[in-house]
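The values are calculated or read from the model by the stated rules, or taken from the named source; none is laboratory data. For clarity, every value in this text was computed on a predicted model and none was experimentally measured. Ideal geometry is used to build each Cβ from the backbone, glycine not excepted, and the neighbour counts take in all protein chains shown. In case anyone asks, the SASA skips ligands and DNA or RNA and just uses the protein heavy atoms, side chains included. Shrake-Rupley method; radii C 1.70, N 1.55, O 1.52, S 1.80 Å.
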Amino acid sequence: MTQKIKLLLIIGILWWSGGAMAQTKSYTISGSIKDASNGEDLIGANIRIKGTEYGTVANVYGFYSISIPAGTYTVEYSFIGYETLAKEVVLEADQRIDISLLVGQKQLEEVLISGQKENYNVTSTEIGIKRLDIQTVLKVPSFAGEIDVIKTIQFLPGVSTVGEGASGFNVRGGSVGQNLVLLDEAPVYNASHLFGFFSVFNPDAVKDLKLYKSGIPPRFGGRISSILDIKMKEGNNQKFQVNGGIGTIFSRLAIEGPFKKNKGSFIIAGRRSYIDALIKPFTDILDGGAELYFYDLTLKTNYQINENNRIFLSGYFGRDVFMFSANQGFSWGNTTATLRWNHLFSKKIFSNFSFFYSNYDYSLAFVQNEENQFTWKSDISTINFKPEFTYFVNANNEISFGAELIFYIFNPANAVGISNGEKSDISLPKKNSIESSFYIGNQQKITSKFSLDYGIRLSTYYYIGAATVYDFQYFRKGYSKIPSVVKEAAAGELIQSYWNPEPRISFTYAFNKEQSIKGSYNRTAQYIHLISNTVASNPLDVWTQSTNNIKPQTGDQFVLGYFRNFKKNIYEASVEVYYRTTTNQLDYVSGVNLLINRYLEGAVLPGIGRAYGIEWYFQKKEGKFNGWVSYTLGRTELKIDDINNGTWYPTRYDQTHNLKITTFYDINSQWSLSANFTYITGTPTTLPTSRYQFQNITVPYNYSNSRNNTRIPDYHRLDIGATWNSKPIKPNGQPRKINHQVVLSIYNLYGRRNPFSIYTSQGTMRQLVGPAQTYAYQFAVIGSVVPGISYNFKF
């Protein structure tokens, strides 16, 4: 009862604060801000009332609303890389002002990171949040010359990966499965192509991406580590445009244009790798029906019905295929679809209704003949409805509220084996669950120097039938539990429910326009779990939901930071200290098989986790030479009763030191250079502490039951790149119809053999006298220099 009273009080305070600030008579200026050349919404464009402290920024749909007292004002609209537009407004009634900004003439000097106002990093309440413009992503040196979104965010502070070829990314000591990756609101469960070397996001279709490491708004939930929110382009509503590229690994093509000028547009973007076609003349590995490729197709369309209504439809379809022969191999793929409706209830109330579907599936097959074969298919589907509302109360208050309803369908294994003609069906039944949430939040400017962003999310979860329900008991400590009670739940029957209040708050105190301190606290809950006990996440890892035996994970994170800009915001610096605790974080019984395990719930071990550290970030945002440096000093640990004798131990993705340097140099309007340097402390791994010998065979043994008791060697790598762009204007002064770009890159310049893992093995020579020889081996995914070249075009 006490928690419910507290929740009602918080909601009451939120509404009261908005209403109290709305007592003064004011009028509203609202509208949308777009790129004049293609009609794309300018996310985060700045609106400033000149000569006052009033101002706001456009939301993710380019919409803005600001309420100020009656009077005559000069309203300035700006976005980095675009010409600032000033408009005189006599405010005697509500006004709608839609703005189209022209691309500026000095883009070369105004690049990097964010289109928001120059000191937004100081004045906003955002902490632990980074927004990357796609133009920045395109400049970063990349593997084989192919631009990649996920690889780029790994150069931000607090973001890392356990090694080359590892799927996903880790944020502030979180696991890959603790990140929520959204593509136009729809979750993407495996964001990697080619085992992690490339992401599923086509840069030709990506417009904007924002990573939330902390200060997570209440509208987001479902993961306890981070949110990566990726927005797709709407498509050019002014003219038809084609762009694409030909690279060493894959080729791309994107077509966009209007189907009704200024009102409706579309974009279709596709990629397909051709590793199989390139290597086939030189090897027989692909004979007999073998296949090795990936593809994806991204599409989106939108239509402006009128000034109060706009609809969007977007989708993604992608797959990786690795077939060793016509009947043996595996594949995985994602499918998403999103339908959204923007509606203005009034000049102050903006709404967005989203309905989306997401599916991730993977399959494995080993077929020798009809008498001997094994096939396995699995998938997870999500159906979601999400209504959201924003109430622009006045210049000092912006209230957001909404809800979310998610229906999960888990198909853990549809597996059939045939041995000598005898069929064995080892499939696991489907499982269903429902997650719902309600949230409310307020961005409030208390004084000219002090601002708050606070709110709460209330999430609930229901594990429902039809399902086989188990209760487990210990067989022996350190081993998988065994089922003690088994019962069947009917379709729709409630088996287990959970609920969690998730308060969020962040603040900013600006000493002046150049420096501020910020802090945040957020609590998050996660009801689904990524099950993996491999070195790194892989496509066959299993997602499972919370049950009566697996409780939801929860996370509490505290962050405090100092932000400072120098020389008229050309230089940006920050330092953030974070501390995060988690409950019910899962690890596994040593040696357990997690795939197609009917009693998986008895093999997972819940515990508590902690991650803490400090992040430094320094960036030069303008000029011919620019870039950033980030350094993170951190630890992430787990404590589980049945592992490591109940003491704290480092997680597989614990990295003490993480240094990243990214630089760009624009030689002239055609040539630019770039470079990346990475240094990361080696990640932990588990090696045997002793051994015993039986019939001259050495058996490794972990006598102390320790977990992650040693580290692989440190990781470091240097990449360089060069980009050439054709001149957009011909010598006769006419614009070129086709613009060309060539990207050259060298990945791993000095050929470092960074170890991905370490394993031990007995020598191949059998030794009859004395102890057998054993060896430790380092496995490196990439051990040489990797050059790359790609050609891009646009017309």
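Yes or no: the range 162-181 includes at least one residue that is within 24 Å of G264 (Cα to Cα) and surrounded by 22 or more Cβ atoms within 10 Å (Cβ to Cβ). Checking the range 162-181: not a single residue is within 24 Å of G264 (Cα to Cα) and surrounded by 22 or more Cβ atoms within 10 Å (Cβ to Cβ).
When the residues of the range 252-274 are narrowed to those that are surrounded by fewer than 16 Cβ atoms within 10 Å (Cβ to Cβ) and not basic (K, R), which ends up farthest from V200 (Cα to Cα)?
Residue satisfying both the conditions and the ranking: N262.
The single condition among (1) open to solvent by 40 Å² or more (accessible area, probe 1.4 Å); (2) at pLDDT below 90 that P755 does not satisfy is (1). Which of (1) open to solvent by 60 Å² or more (accessible area, probe 1.4 Å); (2) out of contact with any helix residue (DSSP H, G or I) (no Cβ under 9 Å at 6 or more places or on another chain); (3) under 24 Å from Q444 (Cα atoms) does D556 not meet, given it meets every other one? So D556 meets the others, but not (1). Within the range 238-252, being part of a loop (DSSP other than H, G, I, E, B) and within 28 Å of the chain's Cα centre (by Cα) holds for T248, I249. Screening the candidates Q496, Q444 for the property of being crowded, with 19+ Cβ neighbours inside 10 Å and over 24 Å from the mean Cα position of the chain (by Cα) yields one hit, Q444. When S436 is tested against (1) of a type in the set (G, A, S); (2) in contact (Cβ under 8 Å) with a residue 60 or more places away in the chain; (3) assigned to a strand (DSSP E or B), just one condition goes unmet, and that condition is (2). In the range 449-466, the condition of being over 28 Å from T554 (Cβ atoms) and part of a strand (DSSP E or B) is met by at least one residue. Checking each residue in the range 534-553 for being of a type in the set (S, T, N, Q) and either open to solvent by less than 50 Å² (accessible area, probe 1.4 Å) or touching a residue at least 24 places away in the same chain (Cβ under 8 Å) (or both) picks out S537, N538, T544, Q545, S546, T547, N548, N549, Q553. I'd like the residue in the range 137-150 that is assigned to a helix (DSSP H, G or I) and open to solvent by 10 Å² or more (accessible area, probe 1.4 Å) and, out of all such residues, is nearest to Y715 (Cα to Cα). Among them, the one singled out is F143. Only one entry in Y360, Y439, Y462, Y408 is in contact with a strand residue (DSSP E or B) (Cβ under 7 Å, 6 or more places away or on another chain), modelled with pLDDT of 95 or more and closer than 30 Å to E126 by Cα, namely Y439. Residue count for the range 228-251 satisfying the condition of being over 30 Å from N522 (Cα atoms), surrounded by fewer than 23 Cβ atoms within 10 Å (Cβ to Cβ) and either in contact with a Leu (Cβ under 7 Å, 6 or more places away or on another chain) or acidic (D, E) (or both): 1.
Sub-6 Å Cβ pairs linking a first residue in the range 141-166 that is over 17 Å from T723 (Cα atoms) and free of Cβ contacts under 8 Å to residues at least 12 places away in the same chain to a second residue that is surrounded by fewer than 24 Cβ atoms within 10 Å (Cβ to Cβ) and not basic (K, R), at least 6 apart or interchain, number zero. Just one residue in the set I383, I418 is touching a residue at least 40 places away in the same chain (Cβ under 8 Å), out of contact with any Ser or Thr (no Cβ under 6 Å at 6 or more places or on another chain) and not hydroxyl-bearing (S, T, Y); that residue is I418. With respect to the stated conditions, Q585 fails to be surrounded by 18 or more Cβ atoms within 10 Å (Cβ to Cβ) and not in a strand (DSSP E or B).
Whenever a residue of the range 472-487 is under 15 Å from L600 (Cβ atoms) and of a type in the set (V, I, T), its partners that are open to solvent by 100 Å² or more (accessible area, probe 1.4 Å) and part of a loop (DSSP other than H, G, I, E, B), lying with C-beta atoms within less than 9 angstrom and at least six residues away or across chains, give the pairs I482/Y474; I482/F475.
Whenever a residue of the range 295-308 is under 12 Å from H343 (Cα atoms), its partners that are open to solvent by less than 70 Å² (accessible area, probe 1.4 Å) and not in a strand (DSSP E or B), lying with C-beta atoms within less than 9 angstrom and at least six residues away or across chains, give the pairs Q304/N237; Q304/K263; I305/K263.
In this structure, does R717 turn out to be closer than 15 Å to P755 by Cβ and either within 32 Å of the chain's Cα centre (by Cα) or not small (G, A, S) (or both)? So R717 passes the test. Scanning the range 213-227 for residues that are outside any loop (DSSP other than H, G, I, E, B) and either among the small types (G, A, S) or buried (at least 24 other Cβ atoms within 10 Å of the Cβ) (or both) yields a total of 1. Could you check, for the range 562-581, whether at least one of its residues is closer than 30 Å to Y479 by Cα, open to solvent by 40 Å² or more (accessible area, probe 1.4 Å), under 27 Å from the mean Cα position of the chain (by Cα) and at pLDDT below 95? No: the range 562-581 contains no residue that is closer than 30 Å to Y479 by Cα, open to solvent by 40 Å² or more (accessible area, probe 1.4 Å), under 27 Å from the mean Cα position of the chain (by Cα) and at pLDDT below 95.
For D453, state whether it is open to solvent by 50 Å² or more (accessible area, probe 1.4 Å), in contact with a Pro (Cβ under 8 Å, 6 or more places away or on another chain) and in contact (Cβ under 8 Å) with a residue 60 or more places away in the chain. No; evaluated as a whole, the condition is false for this residue. Scanning the range 67-83 for residues that are surrounded by 14 or more Cβ atoms within 10 Å (Cβ to Cβ) and either within 15 Å of A395 (Cβ to Cβ) or at pLDDT below 90 (or both) gives S67, I68, P69, Y73, V75, E76, S78, F79, I80, G81, Y82, E83. Residues in the range 343-350 include none that are more than 26 Å from I268 (Cβ to Cβ), at pLDDT below 90 and not charged (D, E, K, R). Within the span defined as the range 468-485, one or more residues are of a type in the set (K, R), surrounded by 18 or more Cβ atoms within 10 Å (Cβ to Cβ) and over 29 Å from the mean Cα position of the chain (by Cα).
Within the range 629-648, one or more residues are in a strand (DSSP E or B), open to solvent by 40 Å² or more (accessible area, probe 1.4 Å) and farther than 30 Å from T689 by Cα. Of the residues in the range 492-509, at least one is modelled with pLDDT of 90 or more, more than 30 Å from G441 (Cβ to Cβ) and not in a strand (DSSP E or B).
Look at the range 246-260: where a residue is closer than 22 Å to E234 by Cα and a partner is outside any strand (DSSP E or B) and among the hydrophobic types (A, V, I, L, M, F, W, C), sitting 6+ places away or on another chain with Cβ atoms under 7 Å, you get A254/A205; G257/F240. Kindly establish whether D98 is under 32 Å from the mean Cα position of the chain (by Cα) and surrounded by fewer than 20 Cβ atoms within 10 Å (Cβ to Cβ). Yes; evaluated as a whole, the condition is true for this residue. Looking at I153, I134, can you tell me which residue is within 29 Å of D379 (Cβ to Cβ) and either within 15 Å of the chain's Cα centre (by Cα) or crowded, with 23+ Cβ neighbours inside 10 Å (or both)? Of I153, I134, the one residue that is within 29 Å of D379 (Cβ to Cβ) and either within 15 Å of the chain's Cα centre (by Cα) or crowded, with 23+ Cβ neighbours inside 10 Å (or both) is I153.
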